[in-house]
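What follows is a set of notes on a single structure, which appears directly below.
The values are calculated or read from the model by the stated rules, or taken from the named source; none is laboratory data. Remember, predicted model here, so these are calculated numbers, not experimental data. Every residue, glycine as well, gets a Cβ built from its backbone with ideal geometry; the counts of neighbours run over all protein chains shown. SASA here: full protein model, heavy atoms, side chains in, ligands and nucleic acids out. Shrake-Rupley method; radii C 1.70, N 1.55, O 1.52, S 1.80 Å.
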Amino acid sequence: MHVTRHSHITDPTLVERLWTLYARAYLPVVEETVTHEMLDRVEFAEQLRSPVNRLWVVWDDALPAAMTMISTDVRSTRWLSEHFFAKHHPERFAAGRVHYVVWAVVDPGYVTRGAVVHLGEHCLAVEAQEGALLVFDTPETNQPNETGGSAELLLRLARMVGDAELVPISVQRYYAIDFAPERRYREASDVEHVPQRQVDRKSTRLNSSHSSVS
């Protein structure tokens, strides 16, 4: 296995091969996670093109086996609050050393073949050298408890290349109100039902009035 580092990827053949790996690796997660963890094809390509993102890929000959993308500018992501880091980690935020793991995926066939260690040794060594605050999040399916799981794995990899500690930042929970199917909605007596044809006629009159003004 060997590792390559990329930024600002536009080659369509490479994008297609990386997308195949990404979609294959994320399928077990998206089937078990309530949140929209997986990017769509357009979002994926946008992340590859971004010059502030670093992509590390583990190859088995000509096949991509694992990869991770790290954003070096949290202001360019839609997942993190730059205001939070400007307040709580002002020096490193100002120096551009707050980084974010956009994704880290391994082909299911390579989970037990050392691809993760290969990936960690290379990309985390750079983060350690720069003294980065490397932020990541993980769904419950990969982190069922406060300890262990993906967080413990990443910490072990980080400690292979430098002095590191795991800092819990935040927890987000999702709930649903489950209405039993047999319970009927009872409307209040003051709810007025307006037939759709009346709504359509009113809309037509408003559009006609607007046209005459213009």
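The residues of segment 1-140 present an accessible area of 53 Å² per residue when probed at 1.4 Å with all protein chains retained. Considering only Cα atoms, the convex hull volume of segment 82-138 works out to 82 Å³ per residue. Our coupling estimate for segment 102-111, obtained by passing each phi through the Karplus curve with A = 6.51, B = -1.76, C = 1.60 and θ = phi - 60°, is 5, 7, 8, 10, 9, 4, x, x, 10, 4 Hz, Gly and Pro reported as x. Based on the Kirkwood radius over alpha-carbon pairs, what is the Stokes-Einstein translational diffusion coefficient of segment 106-166 at 25 °C with 0.890 mPa s viscosity, in µm²/s? Approximately 198 µm²/s, per Stokes-Einstein. In a GNM of the chain with a 10 Å cut-off on Cα contacts, which of Ser150, Ser81, Ser71 has the highest mean-square fluctuation? Most flexible of the set in this elastic network: Ser81.
Show me the helices of the chain, taken as full DSSP H stretches, that run 24 Å or more along their long axis by Cα and average -0.5 or above in Kyte-Doolittle hydropathy.
12-30
For the chain, taking Cα atoms only, Rg and Dmax work out to 24.0, 73 Å respectively. With a cut-off of 14 Å between beta carbons, the residues surrounding Arg97 carry a summed charge of -2, where Lys and Arg count +1 and Asp and Glu -1.
What percent do you get for the relative contact order of the chain when only Cα pairs under 8 Å and 6+ apart count?
On the way: 233 pairs, mean separation 37.6, N = 214.
Over the chain, the number comes to 18 percent.
Taking every DSSP helix (H) stretch of at least 4 residues in the chain, weighting each as -39,500 (n - 2.57) and dividing the sum by the residue count yields a mean residue ellipticity at 222 nm of -12500 deg cm²/dmol. Rounded to the nearest 0.05, what FRET efficiency do Arg156 and Glu46 have when you use their Cβ-Cβ distance and R0 = 35 Å? The calculated FRET efficiency here is 0.65.
Roll a 1.4 angstrom probe over the protein heavy atoms and tell me the percent of accessible area of segment 38-92 that is carbon or sulfur.
On the way: 1440 of 2810 Å².
Here it works out to 51 percent.
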